[in-house]
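J.: First, the structure itself, so that you have it in front of you.
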Amino acid sequence: MKNKTKFSTIFSNLKIRPVVSEEKDKYLSVASLDKLRKFIPNIDLENNIDLLPVAFDACVVNRVNKNGDVIDTVTATKIAKNFINKPINIEHNRGSVIGCILNYGFSEFGTSQAIAEENLFETKKPFNITLGGVIWKIVNNELADKIEESNDPTSDYYMSISASWELGFGEYNLVVLKDGEKNIENGRIITDASEIEKYHSKLKGFGGSGRLNEQENVYRQVSGKVVPLGIGLTLNPAADVQGVAVLEEESIDLNIKPTSSSENTASENSTSQDEKLNVKKDTIYMKISKIEEITDALLKEVSASSITDFIAEEIKKVNEQFVAEKTEKENALKEAGEKLASVTTEHDSIKKQVEELNQKLASLEAEKLAKAQEEAFNMRMAALDEEYDLSDEDRKVLASDIKDLNEEAFSAYKNKIAVLMKEKNKKAKEEKSKKEKETKAEEVKASEEVKTPEVAPISSTQEVVEQAVDNGSKASTEIPNSVPAAEPTLREKYAKAFDLDGFEIK
């Protein structure tokens, strides 16, 4: 049946290490391992020398891990038993299964002291889900040796093997904790669907930073229908759990070598293997090339080593293929990363060049605009200087007015000053001066043509009048034809000048 859970998560890298520092007190670590041994399944190792019984704290309940996930007491007590019969693999590679889980229990956080399930009712304090199972030595004998060695405080591999659990689930809540807090009893739970949708992108499980704000972190609390999918062994820690425990008795080394029936009779070591595996002397070793060759009839004739060699070879092939594919993907990722870095560098270089070109272009445009404005200003001032008779003060005022005007505004301004400065218009002044000169010339000419008679001394008023009248008569006869008829006569001029009405003429 297909997995129908909406989500799945790997609570990966849950380091199976003591809570206290190894350097501070290794004896406490040994004590914790001793508590874990109570969860090791009871296996008949005399007849199952290919099995390595183990026990470990799988997770800490009510306490968040570095991957940003957590389960509470209700979920933990509900799902713990469902770990039974689930696989144990390497680094969550489900193609590299090396054992299975056989029992479960609960233990105190920090000590691994067993706790009865009924004592956990609604507790909010951290505690462990503790599992027991077996590792199949025949699948990976080297790893089995390392697990055993990790129980030795004097070994470089001490407490180096880690466990991480896998879950499938359909729902989750949010847990908000202040920086430095890990226990969910000290935080607040968000169950509102709209709030969960609002903040879900911040979760580490969905690629977020795990930060809600500057003071608080946000975590995912798995809830609803939760299905344990198994356990993976890894080397990288992520939560506060304690180590994998094995039996204190000296383990039996499974060192099965392919041998023929003739070699069995000649080799003391082969005889020992036959005794351990209870292999009949009449069995034979046969090279098996594919699984279809294994039949009931064949099993009655071939030695167990034939089967184990075939299984080991197949596992080796799968492992080599996995390693090759993993290496290929890692190389591809590395190459892609290098290309990305190169493209990024080129992009940054081109971006810098474009910015420099844009700056130069902007500078050139500014210079061009300034030059154009300067030329326009000079041309305008020259045109005004040519059109008007300007003083220095006039130029100063005009320059201030027109320096920032566009063509349309300058045209309007030019029309305005044509009215205001018409008296200073050079052409108008020249025409006016020309007319004045022409008028003056005509007046001079007219004055030369009119000869004023010589007036003798006047002895009386009457004589003055008579002489004026006579002179007026003479002058009027001598007015040139060019003078208009409407022009007043000299007599009229004098009459007006001297107001004859004021004089008594005799």
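The values are calculated or read from the model by the stated rules, or taken from the named source; none is laboratory data. Remember, it's a predicted structure, so these values are computed and weren't measured experimentally. Please note: Cβ atoms are built from the backbone with ideal geometry, for glycine as well, and neighbour counts cover all protein chains shown.
J.: So in segment 167-198, with the set limited to residues that are of a type in the set (Ser, Thr, Tyr) and touching a strand residue (DSSP E or B) at 6+ places or on another chain (Cβ under 6 Å), which one is nearest to residue 88 (Cα to Cα)?
T.: For segment 167-198, the residue satisfying everything is 172.
J.: If only one of 438, 387 is surrounded by 10 or more Cβ atoms within 10 Å (Cβ to Cβ), at pLDDT 80 or above and over 30 Å from residue 374 (Cα atoms), which one is it?
T.: Among 438, 387, only 438 is surrounded by 10 or more Cβ atoms within 10 Å (Cβ to Cβ), at pLDDT 80 or above and over 30 Å from residue 374 (Cα atoms).
J.: Right, next: Can you name the residue in segment 119-133 that is in a strand (DSSP E or B) and β-branched (Val, Ile, Thr) and, of all such residues, is surrounded by the fewest Cβ atoms within 10 Å (Cβ to Cβ)?
T.: Top of the filtered list is 129.
J.: Just wondering, is there one or more residues in segment 35-42 that are assigned by TED's automatic domain parsing to the domain that holds residue 136 and under 47 Å from the mean Cα position of the chain (by Cα)?
T.: Yes, because at least one residue in segment 35-42 is assigned by TED's automatic domain parsing to the domain that holds residue 136 and under 47 Å from the mean Cα position of the chain (by Cα).
J.: Output the number of residues of segment 106-118 satisfying the condition of being surrounded by fewer than 21 Cβ atoms within 10 Å (Cβ to Cβ) and without any contact (Cβ under 8 Å) to a residue 60 or more places away in the chain.
T.: Residues flagged as surrounded by fewer than 21 Cβ atoms within 10 Å (Cβ to Cβ) and without any contact (Cβ under 8 Å) to a residue 60 or more places away in the chain within segment 106-118 amount to 5.
J.: Of all residues in segment 134-161 being assigned to a helix (DSSP H, G or I) and charged (D, E, K, R), which is surrounded by the fewest Cβ atoms within 10 Å (Cβ to Cβ)?
T.: Within segment 134-161, the match that is surrounded by the fewest Cβ atoms within 10 Å (Cβ to Cβ) is 142.
J.: For residues that are closer than 23 Å to residue 228 by Cα and surrounded by fewer than 21 Cβ atoms within 10 Å (Cβ to Cβ), tally how many sit in segment 163-183.
T.: Total meeting the criteria: 7.
J.: Name the single residue that is nearest to the chain's Cα centre (by Cα) among those in segment 96-122 being of a type in the set (Gly, Ala, Ser) and more than 15 Å from residue 85 (Cβ to Cβ).
T.: Only one residue fits best here, namely 96.
J.: Cβ-Cβ below 6 Å, separation at least six or inter-chain, first residue in segment 87-105 and under 28 Å from residue 116 (Cα atoms), second in a loop (DSSP other than H, G, I, E, B): which pairs?
T.: Between residues of segment 87-105 that are under 28 Å from residue 116 (Cα atoms) and residues that are in a loop (DSSP other than H, G, I, E, B), the close pairs are 101/84; 101/86; 102/41; 103/41.
J.: Restricted to segment 184-211, and to residues that are crowded, with 17+ Cβ neighbours inside 10 Å and outside any helix (DSSP H, G or I), which residue is farthest from the chain's Cα centre (by Cα)?
T.: It comes out as 187.
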